[in-house]
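Q: Questions regarding the structure given below will be posed in turn.
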Amino acid sequence: MENIGVNWQLVVAFLINFLVLFGLLTAILYKPVLKMLDERAAKIKESLEQAEKIKEQTSRSEEQIKAAVEAARKEGQVIIAQASQIAEKIKEEAKDGARKEADAIVIKARDAIKLERDKSIADLRSEFSNLTILAAEKVIKESLDAPKHRKLINEVLEQSNTFKQN
Amino acid sequence: MSKLGCSSRLVVILGIVLLALFLASFVMGPLGSKFFNIQVPTELQVSKPHVVLPSEAMFHVGDFKITNTLISSWITIILLCLLFFFATRKMKIIPGRLQSFAEVVVDGIYNTIEGVAGEKHVRTFFPIVTTIFIYVVTNALLALTPFWGSWGPIEHVTEGAHSATVIVPFLRAANTDINLTLSIALVSFIFIEYLGFSKIGPLKYIDSFFQFSALGKAFGQLFKGDGKAFISGLAFGFINIYVGLLEILSHFIRIVSFTFRLFGNMTAGEILLGVMTFLVAFIAPVPFYGLETLVGFLQAMIFAGLTLVFGVMAVTSHHEEGAEHN
């Protein structure tokens, strides 16, 4: 053993060396670096999880937006359908009203015409009877002969004509 | 184009110079001078490597010898501490270069250990195994730098009829001192046995060698009245005790094998480099320096790896371990 140099003092010295190196490396290498690696791993994991969460959220909100758009479209369609229905109704109502009004006007006009006519007829009749009475008076007043008769009637008619023209 | 031509010309010139250096050193070396029968002044010769296994004392402090290998190991420790102190002084989430280096070292070794020991035991093994690896590999690589083994007082040694001039280096590869390898082997041994005792319990750990529980079961068979099972159980029980004794012996032999594996490989490497430099002083030793770099890494990995594997074997119970014994 002496020939290859085993020396217990030196073994102890090297043992102390090794332990010193062990302690120093633990303090300045293993602890800080492992801590940093752990921290970084935790951070990466956290970021990945966050990214996943955000992705999920995005897809969820996208779906929500899609659903909202779909609902709005449906609502719009409903509104349009309702509006066109209402418009149809209004048109129909307007048409009905117009027709009724026209009918009323026509009826009114007809009534008015009828009234006018009745009045004219009544006027005419009274006029005519007056004339007849006038003529009869004249006829009765004078002695009646044929030519005179004719002349009288013509006179009356002429009078009535002049009346009519007035 | 002209720039490229210039640089390729430079390469050619450099190649010629290196080749000339190689040939000159070959001719002037012991092989060439014998072959061509020329006398070379001794000042121009590289001295023959003089193998001294014990490390040489540089100073004495009282009774204690401060050897050149001890100084080397101090330098290793100082360099490592400086490097990693500056690397991890200000730890940042986004690392700088030095911090990245420290992280690569730690993370690489950590993952390797995790692969062998499993996630549960990584942090138990990590500090010791990593320290062994870094210490051994730094010792080995530092020993390949120019200052090691070449710088020191010259002594004249007479061995029988021959007399030779030898350098007693101030700095000698720390791994070539058996005291250093023995100290790491002891650390490894104590660490492994401590793990065995503490992690799976002292009684269970001792039982994992001798399998007393099997012997107890055999006595149980006796009380049940099964004589045949008792006899065979007793026989196997004694075989187990014998195997356990051998196994305990093998645990102690690990110290020796750890010690001599590293010591032998590193000493052989030093001698190989010395001999190559002695034969052909220039160029020829370069590939061997590459080889020794590899060997340094490999030996550090083997030392740390075996510590790890033995430790894993100690913390896993005997039954799970199965046929891993060798």
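Q: Want the number for B:Glu43 to B:Ile13: 0.36 nm per residue separation, take away the alpha-carbon distance, what's left?
A: Details: separation 30, 0.36 × 30 = 10.80 nm, distance 2.82 nm.
Result for the pair: 8.0 nm of gain on full extension.
Q: Enter the accessible area of B:Leu308 (Å², nearest 10), with the probe set to 1.4 Å and all protein chains included.
A: 10
Q: May I pose another question? With each pseudo-label sitting 7 Å past Cα toward Cβ, what's the A:Val12-A:Ser120 distance in nm, one decimal?
A: 15.7
Q: Build a GNM of chain A with springs between Cα atoms under 10 Å: which of A:Glu101, A:Glu88, A:Glu137 gets the top mean-square fluctuation?
A: Comparing A:Glu101, A:Glu88, A:Glu137 in the GNM, the peak value goes to A:Glu137.
Q: How much FRET efficiency would the formula 1/(1 + (r/R0)^6) give for B:Lys217 and B:Leu298, where r is the Cβ-Cβ distance and R0 is 41 Å, rounded to 0.05?
A: In this case the efficiency is close to 0.35.
Q: Other chains near B:88-94: what is the mean number of their Cβ atoms within 10 Å of each residue's Cβ? Walk me through the numbers on the way to the answer.
A: Values: counts 9, 2, 1, 5, 1, 4, 1.
Mean shielding by partner chains, rounded to a whole number: 3.
Q: So, one more: For the pair B:Tyr242/B:Ile255, report the inter-label distance in nm, with labels modelled 7 Å from Cα in the Cβ direction.
A: Distance between the two pseudo-spin positions: 2.7 nm.
Q: How do the peptides A:79-87, A:149-157 rank, highest first, by the average count of neighbouring beta carbon atoms within 10 Å per residue? Please report the intermediate quantities before stating the final value.
A: Numbers: A:79-87: 10.0, A:149-157: 12.8.
The packing order, highest mean first, is A:149-157, A:79-87.
Q: List the DSSP H helices in chain B whose Cα atoms stretch 24 Å or more along the helix axis and whose mean Kyte-Doolittle hydropathy is at least 1.0. Each step should come with its number before you reach the end.
A: On the way: long enough: B:2-28 (38 Å, 1.99); B:68-87 (28 Å, 2.11); B:97-117 (29 Å, 0.50); B:122-142 (28 Å, 1.64); B:178-200 (32 Å, 1.58); B:227-279 (74 Å, 1.27); B:285-315 (44 Å, 1.63).
Length and hydropathy pass: B:2-28, B:68-87, B:122-142, B:178-200, B:227-279, B:285-315.
Q: What FRET efficiency comes out for B:Val61 versus B:Lys204 if R0 is 41 angstrom and r is the Cβ-Cβ distance? Round to the nearest 0.05. Spell out each step's value before the answer.
A: Values: r = 46 Å, r/R0 = 1.11.
Efficiency for this residue pair is about 0.35.
Q: How well do other chains shield peptide B:269-276, expressed as the mean number of their Cβ atoms within 10 Å of each residue Cβ?
A: Details: counts 0, 0, 0, 0, 0, 0, 0, 0.
For this peptide, the per-residue mean of nearby foreign Cβ atoms is 0.
Q: Cut-off 18 Å, label point 7 angstrom out along Cα-to-Cβ of B:Val27: give me the residues of the stretch B:257-299 whose amide nitrogen falls inside.
A: Label zone hits: B:279-284.
Q: Which aspartates and glutamates have a Cα lying under 17 Å from the Cα of A:Lys91, excluding residues fewer than 8 positions away in the same chain?
A: Straight-line reach from A:Lys91, under 17 Å: A:Glu101.
Q: So which lysines pass the test for A:Lys141, namely a Cα distance under 28 Å, with those fewer than 8 places away in the same chain ruled out?
A: Within reach: A:Lys151, A:Lys164.
Q: Something else now. Past 23 Å, Cα to Cα: identify those pairs from A:Lys43/A:Lys66; A:Lys43/B:Lys92; B:Lys204/B:Lys224; A:Lys35/B:Lys204, in the order given. Walk me through the intermediate numbers first.
A: Numbers: A:Lys43/A:Lys66 34 Å; A:Lys43/B:Lys92 13 Å; B:Lys204/B:Lys224 26 Å; A:Lys35/B:Lys204 34 Å.
From A:Lys43/A:Lys66; A:Lys43/B:Lys92; B:Lys204/B:Lys224; A:Lys35/B:Lys204, over 23 Å: A:Lys43/A:Lys66; B:Lys204/B:Lys224; A:Lys35/B:Lys204.
Q: For chain B, state the average projected area of the convex hull of the C-alpha atoms over all orientations, rounded to one decimal in nm². Please list the in-between numbers first.
A: Details: hull surface 114.4 nm².
One quarter of the hull surface, i.e. the mean projection, equals 28.6 nm².
Q: Taking each residue in B:175-183, count the Cβ atoms of any other chain within 10 Å of its Cβ, then average. What number comes out? Write down the numbers at each step before the final one.
A: Working: counts 0, 1, 7, 8, 12, 7, 2, 7, 10.
Mean partner-chain Cβ count within 10 Å for B:175-183: 6.
Q: When you count, for each residue, the other Cβ atoms within 10 Å and take the mean per peptide, how do B:111-124, A:62-75 rank with the highest first?
A: B:111-124, A:62-75
Q: Aspartates and glutamates within cross-link reach of A:Lys119: Cα-Cα under 18 Å, excluding same-chain residues under 8 positions apart?
A: A:Asp111, A:Glu127
Q: Can you figure out the FRET efficiency of A:Glu52 with B:Ser100, using R₀ = 25 Å and their beta-carbon distance, to the nearest 0.05?
A: Numbers: r = 28 Å, r/R0 = 1.13.
The computed FRET efficiency comes out at 0.35.
Q: Quick one: among B:Ala174, B:Ala57, B:Ala218, which has the greatest mean-square fluctuation in a GNM of chain B with alpha-carbon springs under 10 angstrom?
A: Of B:Ala174, B:Ala57, B:Ala218, the most mobile in the Gaussian network model is B:Ala218.
Q: May I pose another question? What number do you get for chain A when its Cα radius of gyration is normalised by 2.2 N^0.38 Å, N = residues? Each step should come with its number before you reach the end.
A: Numbers: Rg = 63.3 Å, N = 166, 2.2 N^0.38 = 15.3 Å.
Taking the Cα Rg and dividing by 2.2 N^0.38 Å, one obtains 4.13.
Q: Using per-residue counts of other Cβ atoms within 10 Å, averaged over each peptide, order A:106-112, A:5-11 from highest down. Please report the intermediate quantities before stating the final value.
A: Values: A:106-112: 10.0, A:5-11: 17.1.
The packing order, highest mean first, is A:5-11, A:106-112.
Q: I'd like the per residue volume of the convex hull spanned by the Cα atoms of the protein assembly as shown, given in cubic angstrom. Spell out each step's value before the answer.
A: Details: hull volume 253.0 nm³, N = 492.
Expressed per residue, the convex hull around the Cα atoms of the protein assembly as shown is 514 Å³.
Q: Please get the size of the charge dipole for chain B, origin at its Cα centre, with Cβ charges of +1 on Lys and Arg and -1 on Asp and Glu, quoted in debye to the nearest 20.
A: On the way: 19 positive and 19 negative charges, 135 e Å.
Result for chain B is approximately 660 debye, rounded to the nearest 20.
Q: Taking a 26 Å limit on the Cα-Cα distance, which of the listed pairs A:Lys45/B:Lys120; B:Lys90/B:Lys199; A:Lys45/B:Lys90 fall beyond it?
A: Working: A:Lys45/B:Lys120 20 Å; B:Lys90/B:Lys199 35 Å; A:Lys45/B:Lys90 23 Å.
Checking Cα-Cα distances, B:Lys90/B:Lys199 exceed 26 Å.
The values are calculated or read from the model by the stated rules, or taken from the named source; none is laboratory data. As the structure is a computational prediction, the values presented were derived from the model and not from experiment. Note that each Cβ is placed from the backbone with ideal geometry, even for glycine, and that neighbours are counted across all protein chains shown. SASA here: full protein model, heavy atoms, side chains in, ligands and nucleic acids out. Shrake-Rupley method; radii C 1.70, N 1.55, O 1.52, S 1.80 Å.
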